[in-house]
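The values are calculated or read from the model by the stated rules, or taken from the named source; none is laboratory data. All values derive from a computational prediction rather than experimental measurement. Backbone-built Cβ (ideal geometry, glycine too); neighbour counts: all protein chains shown.
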Number of protein chains: 2
Amino acid sequence: SWLYSSPSSLSFRSHTCGELRSDDAGKKVTLCGWVQYLRYTLKATLCNLTPESVIKVTGTVRNRPVGQENKMPTGEIEVLAENVEVFNVCQKLPFEIKDFVKKSESLRMQYRYLDLRSSQMQKNLRLRSQLVMKMREYLCNVHGFVDVETPTLFKRTPGGAKEFVVPSREPGLFYSLPQSPQQFKQLLMVAGVDRYFQIARCYRDEGSKPDRQPEFTQVDIEMSFVDQAGIMSLVEGLLQYSWPAERGPLKAPFQTLTYEEAMRDYGVDKPDTRFNMKLIDLSQIFLSTEIEFLQSALGQPGGSVRAVCVPSGAKLFTGKDLEELKQIAKTQFGQCPLLGHLRLQCAKLLESHGVVVRDPSAFHFLWVVDFPLFLPKEDDPEELESAHHPFTAPVPEDTRLLYTDPHKVRGQHYDLVLNGCEIGGGSIRIHKASEQFYVLKNVLKEDPGLLSHLLEALDSGAPPHGGIALGEGGPILLLYILCHIPASGTLRHLIL
Amino acid sequence: SWLYSSPSSLSFRSHTCGELRSDDAGKKVTLCGWVQYLRYTLKATLCNLTPESVIKVTGTVRNRPVGQENKMPTGEIEVLAENVEVFNVCQKLPFEIKDFVKKSESLRMQYRYLDLRSSQMQKNLRLRSQLVMKMREYLCNVHGFVDVETPTLFKRTPGGAKEFVVPSREPGLFYSLPQSPQQFKQLLMVAGVDRYFQIARCYRDEGSKPDRQPEFTQVDIEMSFVDQAGIMSLVEGLLQYSWPAERGPLKAPFQTLTYEEAMRDYGVDKPDTRFNMKLIDLSQIFLSTEIEFLQSALGQPGGSVRAVCVPSGAKLFTGKDLEELKQIAKTQFGQCPLLGHLRLQCAKLLESHGVVVRDPSAFHFLWVVDFPLFLPKEDDPEELESAHHPFTAPVPEDTRLLYTDPHKVRGQHYDLVLNGCEIGGGSIRIHKASEQFYVLKNVLKEDPGLLSHLLEALDSGAPPHGGIALGEGGPILLLYILCHIPASGTLRHLIL
């Protein structure tokens, strides 16, 4: 009896409402559920019954009269009720629980318990639960990971500007809700846990944005004695294993682009690779141009002239389309992902004219690697800051550059991108205290004292380690895409 | 390759350090780990190597020379190192990572990452992870439960005096960290989720006590169309399924006592049933006593004279022992669980004289049911308050007493007790808005407006439902007992 799922075990019902088929004809059954429609006979017998009331029906399954079958999976049968018990009569509802009834988002939020009763939301909740369960099976049972819960009432991390605080009973002393278990998981590696994972609740106080939430969940992974390729294989296997069967198998390994390639070909570090339309370098053609702003661009170090070639663009794009593209170019000129943005906008415009550019049922997973480890600070380009976080290890062959040309160092950081969305990111971490100290003090000009507990831990026998977080809404984002929630819907629709 | 756990998959190592046996002799292997002891030859070759340094050794497995085998599982073999790579040299440690080295609790807490490196703590972390994973398999895969994450940044619940608050960006507005997902899970039942569970983080701001923590985790379960017996069977199955194999199978169903029986026989609502020594009613014998305080006790309504019969007590108990018992009786006189406390104290005293009273390897699970639904308020015994919480449904045959004699109503509440510790509690909930309204307004004299959202939800088609929380440290407490942590150790030892 341990071996299979029995959704009616231990319940008042003998079967679920969607389970019975014509093979069950003749069986005495008990069903529980919500009234969807009231046929005339039921109305007459139970005169105060309303839709969405909760009832128990005991009766016998029989085939529907010939000609009265319908196309539903249960459409060949009906249950001849012998007894009906009314558990609860539903009072007037703010909206009907029918998938075709459109409700405003604020009404759905206010009556979340009614919104979740819709078939789409029921599917989403179940899909998420199953996806996460499969991920756990893969990590625990296939690869021997240990699920460790880390504290959420913690002390403030240096520079944790977006952290919520929680007043303690000691006046003037506060807990802080961590943005991620980053420090905990590194300490767990020092503790010899070897393979850690956690479906971790994280907190970020950055106000309300449609795709951000104050609390979110990430699949948090860390492993010892592993390199970048090992973590990438692990994640590919994780997604293959937990991928819903009805979506077909996932192919691995995923495509990998270096940061340089991504920027060169797509103008952005999280390209949507479902369509081509790569950037084309026209610098050679314009080498002797007299057009002034092109001359000036080519004159700058690393300057180039690039184009997006839009198939049938000349035929399809209207004057209004071209004006829109020009406006984007003007307002975002000089900002890094402008060309990436223009490429996406061209795709959208083509789609608005009926061309299929991006297959909405395709899943293009992509790794982006070899990011710069440090970037010039926006407000002081002479100084460097971490491109991701100060714990990322340099690419081995670049380690010596740390001490001479830190701006040239590439980090062992990897981003996982799906259809143009970043759904995860991680790195191999620095495991030597001396290297971590040097990065903090000499490259980032930060006070290493603020991270003395981490430095001390690295000096206590830290193994080489690295990890990843499918997060900042990662698994939710994945679900978001799996469920084909309209782009206007906020992520809030998917969690409670 | 999906089918079994491979703790060395994707890793620098080919095997774990404890995995090799004499069958592996001749194999070329790569091992990674922490230096435990330094033999003379290693010391000479790697002169700066210290214990707890992290190394990678490549070499060949061979049988140890005859006579040099030891009793460890790996004691028949050794690895002839061909290459040693030092990943990290360990600096001076605050204490040695050897199980036999005693450390103070505060030092263990300060250097948690070193404390967790001990074999006992490694076992605890892994046991907890496996126990929780088995629980998930049972709930998701065997019984079709849906794992739903509920928010932790929520609004304050009425009467939530022990809730942490989290300031929001809106001046004067605060989030609250919930003490349990009680309201969420009831709303999920109204939402038609049918079977919900969550390994839920909960928060309670009640200062520091050795067995309480500001944040803790509970196995949180709620089910629709179920009765008390159904939830109790579910939990028995859950524990049987997830029970570690090496502890032998658990027998179910567990023993059940009513609250009345527990109080009568053990003097407490969470009795340790590993030993007998039940309370004996001597009221009949003292009916015509002239001892004044006994007369007075028997004169009160429901008054009785009860005794604990301690086998060999007369022989073993010293004058000091008896004095200690008298002191407890004096200081706790008139408090409800005094007799229960005295019974436990007698067991402890017998054990201090070498008598085996409680088998430390035995697990006596016990249900306590039929609690009173309401209790007289301590500060105003004419008024009633909920024995547990206001959402508990009355025992069906007592429902009509709600409106006439509420103090006589028993609730459909059940506590799970293990060896004298409460490790879980739950109830069948009120699912009719009118009944919930009556309890709040007329019995508890509370403002139903504070729970209007719940009342409105119950009126929107709430199914009959109930649940349980193995919590307030429940699964941790279970682990606590499984791991035989000395009673002086705080629960903190078991989580990160």
message: Quick check on region A:147-155. Is at least one of its residues facing another protein chain (nearest Cβ under 10 Å) and among the hydroxyl-bearing types (Ser, Thr, Tyr)?
response: yes
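Yes/no per residue for (1) surrounded by 15 or more Cβ atoms within 10 Å (Cβ to Cβ); (2) touching a Pro at 6+ places or on another chain (Cβ under 8 Å):
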| residue | (1), (2) |
| --- | --- |
| B:Val219 | yes, yes |
| B:Ser224 | yes, yes |
| B:Pro244 | no, no |
| B:Leu257 | yes, yes |
| B:Asp272 | yes, no |
| B:Ile280 | no, no |
| B:Ile285 | no, no |
| B:Ser288 | no, no |
message: Looking at the structure I just gave you, is B:Ala462 within 30 Å of A:Pro94 (Cα to Cα), assigned to a loop (DSSP other than H, G, I, E, B) and within 14 Å of chain A (Cβ to nearest Cβ)?
response: yes
- prompt: Do we have B:Tyr266 as surrounded by 15 or more Cβ atoms within 10 Å (Cβ to Cβ) and touching an Asp or Glu at 6+ places or on another chain (Cβ under 7 Å) here?
  reply: no
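So for region B:108-123 (the condition being away from chain A (no Cβ under 13 Å) and modelled with pLDDT of 85 or more), does at least one residue qualify? Spell out the reasoning first.
Residues of region B:108-123 that are away from chain A (no Cβ under 13 Å), as a first pass: none.
For region B:108-123, residues away from chain A (no Cβ under 13 Å) and modelled with pLDDT of 85 or more: absent.
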task: Evaluate region A:220-229: report whether one residue or more is at pLDDT 95 or above, at the interface with chain B (Cβ under 7 Å from one of its Cβ atoms) and not in a strand (DSSP E or B).
output: yes
- request: Quick one: in region A:426-459, of everything that is within 14 Å of another protein chain (Cβ to nearest Cβ), of a type in the set (A, V, I, L, M) and under 17 Å from A:Leu373 (Cα atoms), which residue is nearest to the chain's Cα centre (by Cα)?
  value: A:Ile428
message: For region B:160-191, give me each residue that is surrounded by 19 or more Cβ atoms within 10 Å (Cβ to Cβ), within 11 Å of another protein chain (Cβ to nearest Cβ) and in contact (Cβ under 8 Å) with a residue 60 or more places away in the chain.
response: B:Lys185, B:Gln186, B:Leu187, B:Met189, B:Val190
field: Members of region A:331-349 that are closer than 21 Å to A:Gly302 by Cα and surrounded by fewer than 16 Cβ atoms within 10 Å (Cβ to Cβ)
entry: A:Gln332, A:Phe333, A:Gly334, A:Gln335, A:Cys336
query: Hey, A:Thr60 hits all of (1) away from chain B (no Cβ under 14 Å); (2) without any contact (Cβ under 8 Å) to a residue 24 or more places away in the chain; (3) hydroxyl-bearing (Ser, Thr, Tyr) but one; which does it fall short on?
result: (2)
query: Looking at this structure, is B:Val305 closer than 30 Å to B:Gly424 by Cβ, of a type in the set (A, V, I, L, M, F, W, C) and buried (at least 18 other Cβ atoms within 10 Å of the Cβ)?
result: no
task: Give the residues of region A:231-240 that are within 16 Å of A:Phe145 (Cβ to Cβ) and surrounded by fewer than 17 Cβ atoms within 10 Å (Cβ to Cβ), sorted by residue number.
output: A:Ser233
message: Checking the condition under 30 Å from A:Phe363 (Cβ atoms), out of contact with any strand residue (DSSP E or B) (no Cβ under 6 Å at 6 or more places or on another chain) and among the small types (Gly, Ala, Ser), which residue from A:Gly420, A:Gly424 passes?
response: A:Gly420
message: Among the residues of region B:232-245, are any closer than 23 Å to A:Met109 by Cα and more than 9 Å from chain A (Cβ to nearest Cβ)?
response: no
- request: Give the residue, chosen from B:His407, B:His431, B:His388, that is surrounded by fewer than 16 Cβ atoms within 10 Å (Cβ to Cβ), assigned by TED's automatic domain parsing to the domain that holds B:His465 and touching a strand residue (DSSP E or B) at 6+ places or on another chain (Cβ under 7 Å).
  value: B:His407
task: Would you tally the residues in region A:201-219 being outside any strand (DSSP E or B) and touching a helix residue (DSSP H, G or I) at 6+ places or on another chain (Cβ under 8 Å)?
output: 3
message: Quick test for you: out of A:Leu127, A:Leu131, pick the one residue that is farther than 13 Å from A:Ile199 by Cβ, of a type outside the set (Asp, Glu), within 18 Å of the chain's Cα centre (by Cα) and more than 8 Å from chain B (Cβ to nearest Cβ).
response: A:Leu127
- prompt: When you go through (1) assigned to a loop (DSSP other than H, G, I, E, B); (2) under 27 Å from B:Gly237 (Cβ atoms); (3) at pLDDT below 95; (4) within 14 Å of another protein chain (Cβ to nearest Cβ) one by one for B:Leu496, which number turns out not to apply?
  reply: (2)
message: I need the helices (runs of 4 or more DSSP H) fully contained in region A:281-392, keeping only those with at least 3 residues that are on the phi < 0 side of the Ramachandran plot and among the basic types (Lys, Arg).
response: A:319-331
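Determine whether B:Ala200 is small (Gly, Ala, Ser) and either facing another protein chain (nearest Cβ under 9 Å) or in contact (Cβ under 8 Å) with a residue 24 or more places away in the chain (or both).
So B:Ala200 passes the test.
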message: Going through A:Val89, A:Val66, A:Val35 one at a time, which residue ends up being within 14 Å of chain B (Cβ to nearest Cβ) and more than 30 Å from B:Lys155 (Cβ to Cβ)?
response: A:Val35
